[in-house]
Amino acid sequence: MVEHADIRVVHRGGSKINFRAPVISDDSRLLLCASGECVKVYSTSTEECVHHLRAHTDVVTGVVLRPSNHLQVYSCSMDGTIRLWDFTDAILIKTYVIGQPIYSIYASAQHNGVLFITIPMLNDKTSEMFHLVAVHLQQSTEQLVEARELSVVISHVSSNPAAIAFGRAGEYLASTKGLQLEVFFLKKQKSNRFSLKEENKKGRKNTFSCVTCHPTDDCIATGHEDGQIRLWRNFSHKKEYTYSTLHWHHTTVGSLCFTPEGTNLLSGGVESVLVQWRYNQDTQRDFLPRLGAAITHVTVSPDGTLFTTTHSDNKITIIRSGAKVSAVIQGLVKGESIETDLLIDPRSKALVMNGKPGHLQFYSLQRDKLMYNLDIVQQEYIYQSDLQQFEVVKAAFNSSGNWLATVEREQKDAELELNLKLWAFDDQTQSFVLNTTISAPHENRITALCFSPATDSQTTTVLVSSSKDGHFKAWQLAAHTEDEGPCWSCDFVGAYHGLVPSCCCFSADGSLLAVSFQEVVTVWSSASWELLTTLSQPPGDIRDLCFGQLSCSKYLLGTSTSNLLLCWNLLTCSLEWSTSMDISLLLADPLSENMAAFCSQSGYTHLFVFKPSEPRPIFSQKAVCSGKVMRAVFAPREEMLESCEESSQWLNRCQLYFLSQHMDLMTFTTKAEEDKLMDSSKQLVIDDTVAMTPFHLLLGKRRKEREEPQPAVSSPSAQRSSSSIRELLQTPAHVLPSTSYLCSMFVRSLLISVTDNREENNEAEGEMDSEKEEEDSEEEMDTRDTRPEQVSAESVSPALTKAQLRELRRLKKQDHSWLQGLLDP
Amino acid sequence: MASFKPTKIHVYPKLGEKVTQDTLYWKNYKAPIQIKQFGAVSNVAFSPVAPYNFAVTAFTRIHIYGPFSQEPIKSFTRFKDTAYSGRFRSDGQLLVAGCEDSVVRLFDVGGKTALRMFKGHTKAVHLTDFTSDRYQIVTGSDDYSCRLWDIPNATELNTYREHTDYIRCGVTSKLNRDLFITGSYDHTVKLFDVRTDKSVMTMDHEQPVESLLLYPSEGLLVSAGGRFVKVWDLLKQGQPLVSLRNHHKTVTCLCLSKNGERLLSASLDRHVKVYNTTNYKVVHNFDYPASILSLALAPYDESIVVGMTNSVLSIKHKKSPSESKDSTSQQRRRPSYRMFVKGKNYIPKQDDFLVGKQVKEHLAKHDKQLKKFNVSKALDTALESWTRRRKPEVTVAVIKELNRRGTLKNALAGRDEQELSRILNFLIGNLVDARFTLVLVTPAEMILDIYRSIIGQSPVIDRQLLRLHELLERELDYQRELLEVLGMLDTLFASSLPRNAVELSLKNLCCCARMENNTFCLLEVL
């Protein structure tokens, strides 16, 4: 076994965007949020990601706008650096090295050149004590600056960034920790501490959860774990302070925020309701309910027009003018566990898994974007912490993607409620529509669900579900009633000696169904539901079953709890080979003979790729990640890779994605692929602050295409002019000659040289005309394609009269699409 | 900001009869007209010619009714005792009737007095009919004999004494003037040919025969007696074809619908059943207030006339096509189609700026309350009498939703006597419904938990709790019996049937066992 240097494990998309509160730019057009090791810049109007600010080597823990320059932003990270960025162009300006992991960052307009950061008191990562320090940033021209001027402001603070806030005009800092509120007056350099009792009369917890300060008034708002909001006033006196209480939330207040004018206070929590309190009118409040998931951060744009709420399901909602949701930036939702396996939607090639409670999420791997959430449970979600909800536990697609089967489960005390739902793909709405609901399909949990692969469109697909109640059932689409469409019904119930079935698998041609009953693998004919044969290799229950694909379809592979990988030959019904391996996951590549086995050993997972015909791995990688890999999937590539190296050939058709123990989505890439990706990313530099919508990209490409033939016709003067303009713009201003001198040169460069012939002008005119008609359809494209030929014809015969020319131009503009229709039947 | 998702109301498979073409056909009759007679209506016969009057034999009278009048157009009252079997001749001119006093009378439909009197029987005559040549009469009597009479001479042509008990029914062939069939209380049905002196065919019905019917083709004979309706194939020497047992009391009357596709049987159990004559399955059922003695269908099924023991004649007329349409359109006047599509099919021009109109979401009453987290009010709206009675699945869905939210206890608590009795009423009505049991067991237990302390304070609630208790005990017994039966069935089937059938029955068994467990829990609490 050789280690292959050119195949690498990389993180692929879906990083958290709800880790820290996002920052909105001054003009409310861009939104910046920390996401893993980079800062993502989104457009607030189009929801598209405009830039990635990449340079940090560890998790980014805070983003704050530079108070003195609203086009620059500071970001801090666990890698111990603060970086200053120009976020409109994604340029790293400066790096300040602190040398200790930074947990949060604050800035105030009143303190120029000073940043406040939270770092551990002792210089190691494990310490639980933090203090807030002020960093004085030196003015220097170097890129990399060592910032060593740290002065402690408040010690013993919380590492949570919501626990510290700047007061009116940066005069004081409010910091909360546990049951204590500390107000530190920066001018006087003294602090007042206010403590609350552990529990009040009703047995509620008074612990602070968040704090914010009024922008123009001396008022501090604190949120508490019992759902109360306290407004503290007169806190400059140690004894005569007062506070008033606002109460609507029933559990912890997740986040608090004042609007820039200070007229409203926004709060959010687990209830997923954004509450707007009128400042000084405590009884009045507005609600924005059903935002989707628990609110973790609330922020307001500097001009007060936009609110954003960050939710626990990796989502940022942008709310315009306080009432309407205008945009939703949704990342990959990662719950505590992925109950449904990782699936690939055969239609859209999207990754499918359960995300939001009761939903299936469709995640585009190519674009790293959540496409949509499919509501499976179709029930009002109640935001209450200790409530049992319906969960989507199993899902399966048939091979053409026409049908989706889902299982939802609600476990309430002893009784179990199961629903099996079948969804048909509707071509008109381009989404899945509920076809059949089967309540209580089994009496116990469903362990496996699979569709039979349809060899042709005529054969009906069969769905097989196996359950812990000892049965497996085959469901079939049947035209049931005359007034309704076809619906699914049970076709066959199978059992084997009262044993519990654990997994089921169809052979590649759909003729055989293998169901494992503890130690025994039963093979059934899917046409007659006859038990054909049984295979077993005791001791040890069967954990995974997989048929070989393509040329290896005569093999059935299984893994057992006694750490064996078994391969049966179905023609001889005997064991072909077996090896001893602790395999946690076995899966087959649908497009080739390859099988991938994740094998866990001493806390690490190793990957082996092999063909069932021979027990020798064609690829192996040790220590893919730590912990067990339980979920993985082969995703077919959009275009086949042309890799000739033997070790990386298995990645040619499909890409292997897997979820690590920490729910990170990872994949394997080859070096050639990475190089290609780098090239393409270089091409995609966007010089516009406006977001790159797919529409824009499309149009831009088209425009470029159209511009391409031009240089061939146009004179070299155009190039000359552009080069002189570039020279003009790129040379630093202080070395340029005087403007009067430049002006004449500039104007001359714009002039068209005398040698140009008239046809070219006409051509340019025609070009402009066509540019006016921006909403061009494909038919018009065709007409334009024919144009260069006509132009050449014109240049060959310059003796045309003006009237003829006009006629010709009119002809050009006519719609020739009908001709196109005639040409290709 | 997602919109509120309404409570999912589970669609249960429809129980009860399905709506078929037959039910639609047989339901398409007006409300019955009831006419009081002097005694039990023993026979109803339609005139074979238009306007299809019918003769109703009741006590000592025979009344002739027109198709739409409620008053008799004609009455024959010259009977000394109870009259029987008033039947029309095929030309509708003559009517013959038997009598308790053993005299058979022949009437002209236009006249009043009897044209002929046939004397010869010694006991009551229950069967009289014309032969198909229109000149002879067949009679059957309680003196075990049946006779053939000549109408012009009023003389007896022949006597057949083959039956050994009362002759109560008979039918003459419409195609052959020489054939007639009689049914007797000696359990036999005999086919006679007047050209010979003996019966030519005998069929054993095994029950006293009450009614006979010949198919229009006369190849098949239907006999009714006891709880059985039997069909015989006359062309195969009286071979029995089918035996139907759909009534639970004596079947008294038989009748065919207009084209012989449906067979109707009336019985003392107050039901009229409609059979499909191709597969002899019951396709429809009518209920009547009293035991039925006689039944007749007008030609083309224009009306159904039923005579009952409580001396009521019930006439149901068919709805006219316009009427049947009216009844549906009168229910609700909907806005016209044009109203709905108004402005909807307008295609915006290229430069038009579209201003979307916000669609107002419509929520059911209980959903509105659920949206506001008013759990008690949501339960109240779901328990409104109309919803509770007509759509129990809505109430059950709301209870389920409340249970999912964990607020069912709050919704059930703090009720006064009236409200609590309403909930208990609902539980009593639906708890043993297999579709709802699983959901309703939880609130039942909760109610018992919450209101345990107040038991004994209100007689209304106490009575209802006792009823619930009784209901559950009955259900338990029933389930236990079912289990026993299933156990027996399983031992029978285990050897002979393929695997999946056994599994199916096993599954049912488990189902029942689970249900029983639930009910057991409840009983313990009670």
So how far, in whole Å, is the C-alpha centre of the range B:222-276 from the one of the range A:139-186? 98 Å
Given N residues in the protein assembly as shown, what is its alpha carbon radius of gyration divided by 2.2 N^0.38 Å? 1.32
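Hey, got a sec? Which GluC sites (Glu not before Pro) in the range B:372-408 land in a DSSP loop and have at most 16 other Cβ atoms within 10 Å?
Details: sites: B:GLU384, B:GLU393, B:GLU401; in loops: B:GLU384.
Sites meeting the loop and neighbour criteria: B:GLU384.
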Angle between the Cα long axis of helix B:321-331 and the longest principal axis of chain B, 0 to 90 degrees, nearest 10? 20 degrees
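Take the alpha carbon atoms of the range A:223-333, find their radius of gyration, then divide it by 2.2 N^0.38 Å using N residues; give the quotient. Can you show the working numbers first?
Details: Rg = 14.5 Å, N = 111, 2.2 N^0.38 = 13.2 Å.
Here the answer is 1.10, to two decimals.
Sorting B:ASP352, B:ASP143 by accessible area (1.4 Å probe), largest first, what list results?
Details: B:ASP352 75, B:ASP143 25 Å².
Per-residue accessible area, sorted high to low, gives B:ASP352, B:ASP143.
In the range A:220-325, which trypsin sites (Lys or Arg not before Pro) fall in coil by DSSP and have 13 or fewer other Cβ atoms within 10 Å? Kindly include the intermediate steps, with their values, before the conclusion.
On the way: sites: A:ARG230, A:ARG233, A:LYS238, A:LYS239, A:ARG278, A:ARG285, A:ARG290, A:LYS315, A:ARG320, A:LYS324; in loops: A:LYS238, A:LYS239, A:ARG290.
Filter output for the range A:220-325: A:LYS238, A:LYS239.
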Below 8 Å between Cα atoms, with a sequence gap of 6+, how large is the relative contact order for the range A:88-198 in percent? 20 percent
So, in Å, what gap is there between the alpha-carbon centers of the range A:555-616 and the range B:395-417? 52 Å
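Any chance you could run the full-extension gain for B:TYR12 through B:ASP165? It's 0.36 nm times the residue separation minus the Cα-Cα distance, nm to one decimal. Please list the in-between numbers first.
On the way: separation 153, 0.36 × 153 = 55.08 nm, distance 5.43 nm.
Fully extending the segment from B:TYR12 to B:ASP165 adds 49.6 nm.
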Return the long-range amide H neighbours of A:VAL145 (sequence gap of 5 or more, or a different chain), with a cut-off of under 5 Å between placed amide H atoms. A:THR95, A:TYR96, A:VAL97
Which of B:ALA124, B:LEU241, B:TYR478 sits farthest toward the positive end of the charge dipole of chain B, with +1 on the Cβ of Lys and Arg and -1 on the Cβ of Asp and Glu? B:TYR478
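With respect to the cross-link table entries A:LYS334/A:LYS628; A:LYS394/A:LYS622; B:LYS36/B:LYS318, which display a Cα-Cα separation exceeding 27 Å? Numbers along the way, then the final one.
On the way: A:LYS334/A:LYS628 17 Å; A:LYS394/A:LYS622 30 Å; B:LYS36/B:LYS318 21 Å.
Among A:LYS334/A:LYS628; A:LYS394/A:LYS622; B:LYS36/B:LYS318, the Cα-Cα distance tops 27 Å for A:LYS394/A:LYS622.
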I'd like the Karplus ³J(HN,Hα) series for the range B:111-120: coefficients 6.51, -1.76, 1.60, θ = phi - 60°, whole numbers in Hz, and an x wherever there's a Gly or Pro. x, 10, 8, 5, 6, 9, 10, 9, 10, x
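Using just the helices of the protein assembly as shown, give the 222 nm mean residue ellipticity in deg cm²/dmol: DSSP H runs with n ≥ 4 each add -39,500 (n - 2.57), and the total is spread over all residues, rounded to 500.
Values: 21 runs with 268 residues, N = 1351.
So the calculated ellipticity at 222 nm is -6500 deg cm²/dmol.
Efficiency by 1/(1 + (r/R0)^6): what FRET value for A:ALA90 and B:ALA413, r their Cβ-Cβ distance, R0 = 45 Å, to the nearest 0.05? Kindly include the intermediate steps, with their values, before the conclusion.
On the way: r = 60 Å, r/R0 = 1.33.
Result of the calculation: an efficiency of 0.15.
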Specify which residue in the list B:ALA290, B:ASN259, B:PRO335 is farthest towards the positive end of the charge dipole of the range B:257-374, using unit charges on the beta carbon of Lys, Arg (+1) and Asp, Glu (-1), about the Cα centre. B:PRO335
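State to the nearest 20 debye the size of the charge dipole of the protein assembly as shown about its Cα centre, where the only charges are +1 on K and R beta carbons and -1 on D and E beta carbons.
Numbers: 150 positive and 159 negative charges, 1006 e Å.
Here the protein assembly as shown has a charge dipole of around 4840 debye.
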On a 1.4 Å probe surface of the protein chains, which of A:GLU149, A:GLU727 comes out largest in accessible area, and what is the full order? A:GLU727, A:GLU149
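Stokes-Einstein at 10 °C, 1.306 mPa s, Kirkwood radius from Cα pairs: D for chain B in µm² s⁻¹? Intermediate values should be presented prior to the final figure.
On the way: Rh = 28.4 Å.
The diffusion coefficient I find is 56 µm²/s.
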Calculated from backbone phi, Karplus (6.51, -1.76, 1.60) coupling profile of the range A:144-160 in Hz, x at Gly/Pro: 9, 10, 8, 9, 10, 7, 9, 10, 5, 9, 10, 9, 6, 10, 7, 7, 6
May I ask you to list the GluC sites (Glu not before Pro) in the range A:406-444 that are in a DSSP loop and have at most 16 other Cβ atoms within 10 Å of their Cβ? A:GLU443
Report, to the nearest 10°, how far helix B:392-405 tilts away from the longest principal axis of the Cα atoms in chain B, using its own Cα long axis and a range of 0 to 90°. 20 degrees
Which three semi-axes in whole Å describe the equivalent ellipsoid of the range A:271-355, each the square root of 5 times a Cα gyration tensor eigenvalue, listed largest first? 33, 14, 10
Amide H neighbours of A:SER255 at under 5 Å, excluding residues fewer than 5 places away on the same chain, with H built from the backbone geometry, are A:GLY268
How do the peptides B:472-482, B:92-102 rank, highest first, by the average count of neighbouring beta carbon atoms within 10 Å per residue? B:92-102, B:472-482
log₁₀ of I(q)/I(0) at q = 0.17, 0.21, 0.25 Å⁻¹ - the range A:348-445, Debye sum with one point per alpha carbon: -0.80, -1.13, -1.42
Counting only Cα, what are the radius of gyration and maximum Cα-Cα distance Dmax of the range B:6-97, in Å? 20.7, 74
Which whole-Hz couplings ³J(HN,Hα) result when phi for each residue of the range B:79-89 is put into the Karplus expression 6.51 cos²θ - 1.76 cosθ + 1.60, θ = phi - 60°, listed in order with x for Gly and Pro? 9, 7, 9, 4, 8, 9, 6, x, 10, 8, 7
How much of A:CYS504 can a 1.4 Å solvent probe reach, expressed as accessible area in Å² and rounded to 10? 20 Å²
Along the positive direction of the dipole of the range A:253-378 (beta-carbon charges: Lys, Arg +1; Asp, Glu -1; about the Cα centre), which of A:ILE344, A:CYS257, A:GLY304 reaches farthest? A:ILE344
Of A:LYS94/A:LYS177; B:LYS281/B:LYS316; B:LYS74/B:LYS258; B:LYS8/B:LYS357, which ones are farther than 31 Å apart at the Cα? A:LYS94/A:LYS177
Skipping prolines and chain starts, which residues have an amide H placed within reach, meaning under 5 Å, of the one on B:LEU295, given they are 5 or more residues away or on another chain? B:VAL44, B:GLY307
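If packing is taken as the mean number of other Cβ atoms within 10 Å per residue, what is the order of B:238-250, A:564-576, highest first? If you can, show how the numbers build up before the last one.
Working: B:238-250: 15.2, A:564-576: 16.8.
So the order, starting with the most tightly packed, is A:564-576, B:238-250.
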Return, for the Cα atoms of the range B:285-441, the radius of gyration and Dmax in Å, separated by a comma. 25.8, 81
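Return the carbon/sulfur percentage of the accessible area of the protein assembly as shown, one whole number, probe 1.4 Å, all protein chains in place. Present the calculation step by step, with values, prior to reporting the outcome.
On the way: 35460 of 68050 Å².
Carbon and sulfur together cover 52 percent of it.
The values are calculated or read from the model by the stated rules, or taken from the named source; none is laboratory data. Remember, predicted model here, so these are calculated numbers, not experimental data. Glycine also receives a Cβ, built like all others from the backbone with ideal geometry; neighbour counts cover every protein chain displayed. The accessibility values were calculated without ligands, DNA or RNA, using every heavy atom of the protein model including side chains. Shrake-Rupley method; radii C 1.70, N 1.55, O 1.52, S 1.80 Å.
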